[in-house]
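Asks: My questions all concern the structure below.
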Amino acid sequence: MMRTWITLLFVLLLLGGCSGKDEKVENEEANTANVEEVTKEVEEPLEEPEKEPQSSSEHKDLNTINQIKIPASQEELLEQDGGLFTKDIAYEEETKQIWGNFGLGDYEEQLTEELQKVANSTQDPTAIFQALHYYIGSYAYGRASEELENYTVEWFEPYLPEPDEMEESEGTATDPGKALILLDASSSMLLSIEGKQKMDVAKSAAGRFANTIGSTHDVSLIVYGHAGTQNDQDKQLSCTTIDEIYPLQPFNADTFTAAVDNVEAKGWTPIANAIKAAREKMAGTNENVTLYIISDGAETCDGDPVAEAKAFASEDSGRSVNIIGFDVDAKGENALKEVAAAGNGEYISAKTIEDLNNSIRKTWVPSFQEIMSKSNSLIKHWGQDFQSMVDRTDLSEKIYYTSLNEKSRFYSALNIMRAQKMITPEVYDEIKQLIEAKAKLALTVYKDLDKQKMDEIEADRQQVIERVNEWSDRMNELRKAQGN
């Protein structure tokens, strides 16, 4: 009996062990299947978004650099664009003379990195020189050339009336006496007429008139509106600043030119205060005095120019206030006409530059004898000729200094490349030759453009001389024919 129970217990234990083993195996197989499934999911590649093929900045730069055109002619030099690191350099800095090495500024480290990329990709001297243009070439050649091309000289030229104009003038004219020119330099004179700034045109007209009448009469130049700005906070300053910049004296071309050239149009229009200043200046004199006002608008400083003109004229019968309204609107003309009438003078309307010149010539020229007594030296004087040479040279040298500054940058960059062994000595020498050839081209362009402008200016001066000489010869022939 006991043996039977032992045998039965052994069978039960054996069956239970087998059952547990089967269950464990089933669990392990299930776990393995799960791991394999997860692993399968992880290992299966995910679908990635399409990416555009990207080239390194090195390749992109080189592709652009290879398109850079190294200037080989005047036209190509003047069309040159600025480099990435130099396009924001101030024009005044880029075109002025720099003593010593120009340097590479704050961009030296970044430029060095970019040049290293170029050198890693190519040792071709031309390609590296193209890279120098791409990064540190100058943008100023074209602008400097354009400034020089636009430069002109307004040569002094006397008014040359025809006999019928002089006869008409001599029949009614009185001796103007001392001539005080009052020149409007208010902000509105900054506007343009026929492509020229009104201030420049008025300066030229004032100079030519002073040149003519100043040969036989003392002449003065008084400016107003040249102080402060047109802003309200500057009104007091602008309206009370009246300056005699050429003291009453015979005309001297050099002194007058220097004085009028410094006038800048800026502020308000104090015509009343300008007339008052002229009256106070001439107080006590019994000589004839004539004011010649050149203005492009009416009073804006709350003064009473009609009252001031009347006060000026009332001090002596030989006084008058003449006004040229230069490009003035209808309302302004009416106001200025009242001022001239109150000053026993005349109002002349000048809508164009030709009107301005003709109005002065026909109305206020000296007599025939006075014109004939003038020397042609007034258009040959050294002062204006010298100043025109200085101004022209200053403009043309901007091209030259642009070249020097660019060349300095090129050499600074090239020396960095050599010092850091980016290039071989042979490549260095070839790039150096390219730099020198570019500088030689720029020097040639500078000299050619300067010579062209010099010849153009001189041709204009000779035309003025020829007109005066032709007029003088013609008038002398008329005088001989009349027995004078």
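Asks: I need the full set of residues from the range 99-110 which are surrounded by 14 or more Cβ atoms within 10 Å (Cβ to Cβ) and within 17 Å of TYR401 (Cα to Cα), in order please.
Replies: Hits for the range 99-110 are PHE102, LEU104.
Asks: Let me ask another. Would you mind stating whether ILE245 is touching a strand residue (DSSP E or B) at 6+ places or on another chain (Cβ under 8 Å) and touching a residue at least 60 places away in the same chain (Cβ under 8 Å)?
Replies: no
Asks: Follow-up. If you check every pair at least six apart or on different chains, which have Cβ atoms under 7 Å apart with a residue in the range 65-76 that is under 19 Å from TYR135 (Cα atoms) first and a residue that is in a loop (DSSP other than H, G, I, E, B) and modelled with pLDDT of 95 or more second?
Replies: The qualifying pairs are PRO71/GLN80.
Asks: Let me ask you something else. Quick check on this structure: which one of LYS117, LYS87 is over 19 Å from LEU414 (Cβ atoms) and either of a type outside the set (Val, Ile, Thr) or surrounded by 16 or more Cβ atoms within 10 Å (Cβ to Cβ) (or both)?
Replies: LYS87
Asks: Scan the range 198-230 for residues that are part of a helix (DSSP H, G or I) and of a type in the set (Gly, Ala, Ser) and report the count.
Replies: So the count comes out to 6.
Asks: Please work out which residue is modelled with the highest pLDDT, limiting yourself to the range 139-162 and to residues that are under 16 Å from GLN452 (Cβ atoms) and not in a helix (DSSP H, G or I).
Replies: TYR151
Asks: Scan the helices (runs of 4 or more DSSP H) fully inside the range 236-319 and keep the ones with 1 or more residues being farther than 19 Å from GLY207 by Cβ.
Replies: In the range 236-319, 271-281, 305-314 are the helices (runs of 4 or more DSSP H) which contain 1 or more residues that are farther than 19 Å from GLY207 by Cβ.
Asks: Turning to a different aspect of this structure: Scanning for something among the hydrophobic types (A, V, I, L, M, F, W, C), at pLDDT below 95 and either buried (at least 20 other Cβ atoms within 10 Å of the Cβ) or in contact with a Cys (Cβ under 7 Å, 6 or more places away or on another chain) (or both), does the range 230-250 turn up at least one residue?
Replies: No, the range 230-250 has no match at all.
Asks: Of all residues in the range 459-478 being surrounded by fewer than 14 Cβ atoms within 10 Å (Cβ to Cβ) and touching a helix residue (DSSP H, G or I) at 6+ places or on another chain (Cβ under 9 Å), which is modelled with the highest pLDDT?
Replies: Top of the filtered list is ASN469.
Asks: Continuing with this model, one more query. Within the bounds of the range 413-429, is there any residue that is in contact with a Ser or Thr (Cβ under 8 Å, 6 or more places away or on another chain), surrounded by fewer than 18 Cβ atoms within 10 Å (Cβ to Cβ) and closer than 25 Å to GLU157 by Cβ?
Replies: The answer is no, given that none of the residues of the range 413-429 is in contact with a Ser or Thr (Cβ under 8 Å, 6 or more places away or on another chain), surrounded by fewer than 18 Cβ atoms within 10 Å (Cβ to Cβ) and closer than 25 Å to GLU157 by Cβ.
The values are calculated or read from the model by the stated rules, or taken from the named source; none is laboratory data. In this text the structure is predicted, and so the values were computed from the model without any measurement. So basically every Cβ, Gly included, is an ideal-geometry build from the backbone, and we count neighbours across all protein chains shown.
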